[in-house]
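Asker: Quick one: the structure is below, and I'll ask about it shortly.
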Amino acid sequence: MTAPAPQADSFSKGLAGIVAGRTAISSLEGDLRYRGYSIEPLALAGDFEETAYLLLHGELPNGGQLAGFSARISAAARSLDPAVIDVLARLAKAAPDASPMDALRTVVSVLGQIERDEAPGSRQQLLAQAERLLGQVPAALAAWIDLSAGRPVAAWPDGPIAAALLARLTGRTPPDAHIRVFGTTLVLYAEHEFNASTFAARTVVSTGSDMHSGITAAIGALKGPLHGGANEQVLAQLAEIGSVDKADAWVAEQFATKRVVMGFGHRVYKDGDVRAKLLGRLCRDMVAGDAAAEALEALAARMESLMLDRKNLRPNLDWPAARVYHALGLPICVFTPIFVVARMSGWTAHIIEQVGDNRLIRPMSLYTGPAPRDYLPITGR
Ligand code: COA
């Protein structure tokens, strides 16, 4: 029996506007909501573990549940398998300039091999794997940063992920105000429905493959500059422009050469990204009084008005996130890996949801190649 012919009228390039599944994890209709809760109070609370628990379990934790969840994540961060450190140490010698995103993709693959993760297990097993990944991945990121700089791996500090990771990446004990805004970025980055990396993860596990394979694919998808990689490109572009007086000419040149301006536009939000508005406000408050950071904010404000006037495009979350991370003293190369740390909560929640009600994800394509033709043996070509 032959397959039915694909219908041209159901085709949408890049799957734009196509509903590709159901989810109970987050919704972008009107307001962004995680499990029904509006993003704003979650983000302002800035408690990443609370949000990760909500995404994975469907309900906000009580005090005891949150303490247990946080303790298990911390324990996973502190007990990274020595085989992972060995692999990272060898890679740091062989390719110290490699992207930390490549290191994280490798780490998750190695962790899957160590765990002998072969097929999705019970919901309980998947939740335990998710908790371990939430701790292992930030610890591996910090380990890679140490090793690629030629330093021994420092210990993972006690406390919540936001405080511990910020301390490890900056090498200092961060002030509470910095931990709070960093936690807010993790909550904002945690989950966003059927984005490219989440869809990649769901596609992989829909075949019956394992959690670590799904996450490895997701990290690869997030790395691209049209997705998570944009936050690093935002700062690179702002540095390239240099100052507010150069913004108009720079933007004109980008448009003339048909290049995209990173941190603007979104597949779903056409009237602006609620997360960008919220974090942009916090960023401006955080840097008030710092002359260099205020100059960067002035440049950012000019860019926003140019992009709106010329292209009707508004900032997405990566636009303020890049400036916040820069103001926190973080190097550009960890911006997208921080997104990985946060989105691990959304990815694992989606993998668990997909496995719980699975059907193989396998769309169709419209064929545009040559008309049927006869094979010619090589001697006759
Ligand atoms: N800079 C310049 N032009 C942009 C743009 C940007 N950041 N984002 C969109 N456009 C243009 C497109 O080129 C297109 O122009 P055209 O009609 O002349 O071809 C038009 O705006 C409409 O874009 P659209 O097709 O709706 O975008 P998309 O849904 O296919 O892509 C993004 C969405 C996010 C990939 C895109 O906006 C982009 O590349 N942004 C920059 C990267 C980024 O910030 N990524 C993070 C996303 S959260």
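Asker: So for region 309-318 (the condition being open to solvent by less than 40 Å² (accessible area, probe 1.4 Å), assigned to a helix (DSSP H, G or I) and in contact with a Leu (Cβ under 9 Å, 6 or more places away or on another chain)), does at least one residue qualify?
Answerer: Within region 309-318 (the criterion being open to solvent by less than 40 Å² (accessible area, probe 1.4 Å), assigned to a helix (DSSP H, G or I) and in contact with a Leu (Cβ under 9 Å, 6 or more places away or on another chain)), the answer is no, since none of the residues qualifies.
Asker: Taking region 180-216 on its own, how many of its residues are open to solvent by 10 Å² or more (accessible area, probe 1.4 Å) and of a type in the set (S, T, N, Q)?
Answerer: Counting residues in region 180-216 that are open to solvent by 10 Å² or more (accessible area, probe 1.4 Å) and of a type in the set (S, T, N, Q) gives 6.
Asker: Continuing with the same structure: Condition first: over 19 Å from the mean Cα position of the chain (by Cα) and under 14 Å from L32 (Cα atoms). Now tell me which residues in region 243-271 satisfy that.
Answerer: Result: K270, D271.
Asker: Given the conditions (1) at pLDDT 95 or above; (2) outside any helix (DSSP H, G or I); (3) not charged (D, E, K, R), and given that V268 satisfies all but one, which numbered condition is not satisfied?
Answerer: (1)
Asker: Looking at region 3-51, which of the residues that are in a loop (DSSP other than H, G, I, E, B) and among the β-branched types (V, I, T) is least open to solvent (accessible area, probe 1.4 Å)?
Answerer: Among them, the one singled out is I25.
Asker: Exactly one of these conditions fails for I85: (1) open to solvent by less than 80 Å² (accessible area, probe 1.4 Å); (2) free of Cβ contacts under 8 Å to residues at least 40 places away in the same chain. Give me its number.
Answerer: The one condition I85 does not meet is (2).
Asker: Looking only at region 346-355, decide whether some residue is of a type in the set (A, V, I, L, M) and either within 16 Å of the ligand (Cβ to nearest atom) or farther than 24 Å from V19 by Cα (or both).
Answerer: no
Asker: Under 6 Å between Cβ atoms, at least 6 apart or on separate chains: pull out the pairs that start in region 219-235 with a residue that is open to solvent by 30 Å² or more (accessible area, probe 1.4 Å) and end on any residue that is within 7 Å of the ligand (Cβ to nearest atom).
Answerer: Hits for this filter: Q233/P225; Q233/M262.
Asker: Being away from the ligand (no atom under 12 Å from the Cβ), open to solvent by less than 30 Å² (accessible area, probe 1.4 Å), more than 28 Å from E193 (Cα to Cα) and of a type outside the set (G, A, S) is the requirement here; does V287 meet it?
Answerer: When the stated conditions are applied, V287 passes them.
Asker: While we're looking at this one, here's another question. Looking only at region 168-178, which residues are open to solvent by 40 Å² or more (accessible area, probe 1.4 Å) and either in contact (Cβ under 8 Å) with a residue 12 or more places away in the chain or charged (D, E, K, R) (or both)?
Answerer: Selection gives R172, D176, A177, H178.
The values are calculated or read from the model by the stated rules, or taken from the named source; none is laboratory data. If you're wondering where the values come from, they're calculated on a predicted model, not measured in any experiment. Using ideal geometry, Cβ is built from the backbone for each residue, glycine included, and neighbour counts are taken over all protein chains shown. To get the accessible areas, we keep the full protein, side chains included, count just its heavy atoms, and leave off ligands, DNA and RNA. Shrake-Rupley method; radii C 1.70, N 1.55, O 1.52, S 1.80 Å.
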